[in-house]
Amino acid sequence: MITGEKLPLSFYTRPNVVQVAQDLLGKYLFTNIGGMLTGGRIVETEAYSGENDRACHAHLNRRTQRTEIMYQQGGVAYVYLVYGIYHLFNIITNVEGKADAVLIRAIEPTHGLEEMQLRRNMPVVKPNLTAGPGVMSIALGISKKHYGTNLTGDIIWVEDRGEQVPPEKISIGPRIGIDYAGDDALLPWRFWLKENKWVSRKK
């Protein structure tokens, strides 16, 4: 039973991607794929800025077939493949032309656990069901075909269920796996809920 309210477009089009990444903690990410509702509470995010962020795919105003969606108005999905196997789900933010994005790194699963276990081939529910952006996408059924999906629609969306996450419950640190980004790799743009077992573990 869905009891929350979908986040409006205005949530995503705000100018500060770092604030949006933090504000997404405690919200609920859902997918309705093949008639199966799956989802859970967002517990870990990372911010990427189209301007002056060497970790961002759109750095130096790079426009390719892959990054073109980043330049759209916020509120759409940017999904790309890494290591040839994992699809990573990002939420485009800000106004058209800015190319900001938030990577959703982990959720605490709350809906459709059996379906998620099937998709992950996991007979027992363990944190690595959805702790990490690649496995989370598998569990939620998100793939490259969802590139550009409108996040105010009925396929992928985020809900506000009234949870207020106090600042003292949020940990802040550098993003993961972007050593190539020089000093920008040290930016404190990763946010996660303290002592939450569903947060990904740094390799």
Probe 1.4 Å, protein heavy atoms only - accessible area per residue of the chain in square angstrom
48
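Quick one: how many lysine pairs does the chain have with C-alpha atoms less than 16 Å apart and a gap of 8 or more or different chains? Give me the count, please. Could you put the intermediate results ahead of the total?
Numbers: LYS6/LYS27; LYS27/LYS169; LYS27/LYS194; LYS126/LYS197; LYS169/LYS194; LYS169/LYS197; LYS194/LYS202.
Taking the Cα cut-off of 16 Å, the pair count is 7.
Order the peptides 129-138, 38-47 from the highest to the lowest mean number of other Cβ atoms within 10 Å of their residues. Kindly include the intermediate steps, with their values, before the conclusion.
Working: 129-138: 23.2, 38-47: 25.2.
In decreasing order of mean packing, 129-138, 38-47 become 38-47, 129-138.
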Share (percent) of C-alpha pair distances in the stretch 62-203 greater than 25 Å works out to 31
Gaussian network model of the chain, springs between alpha carbon atoms under 10 Å - residue of VAL20, VAL165, VAL124 with greatest fluctuation:
VAL124
Taking every other residue with Cβ under 15 Å from the Cβ of PRO109 and scoring Lys and Arg +1, Asp and Glu -1, one gets +3
To check my understanding: the extent here is largest minus smallest coordinate of the Cα atoms along each principal axis. What are those three numbers for the stretch 47-102, in Å, largest first?
30, 22, 21
Taking every pair of alpha-carbon atoms in the stretch 1-129, what share in percent sits in each 10 Å bin, from 0 to the bin with the longest distance?
12, 40, 32, 14, 1
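Using only C-alpha atoms and all pairs of different ones, pull out the Kirkwood radius for the stretch 8-73 in Å with one decimal. All intermediate terms of the calculation are to be shown ahead of the outcome.
Working: mean 1/r = 0.0722 Å⁻¹.
Its Kirkwood hydrodynamic radius stands at 13.9 Å.
The values are calculated or read from the model by the stated rules, or taken from the named source; none is laboratory data. As the structure is a computational prediction, the values presented were derived from the model and not from experiment. Cβ: placed from backbone, ideal geometry, glycine included. Neighbour counts: every protein chain shown. When the accessible area is computed, the model is the full protein with side chains, heavy atoms only, and any ligands, DNA or RNA have been set aside. Shrake-Rupley method; radii C 1.70, N 1.55, O 1.52, S 1.80 Å.
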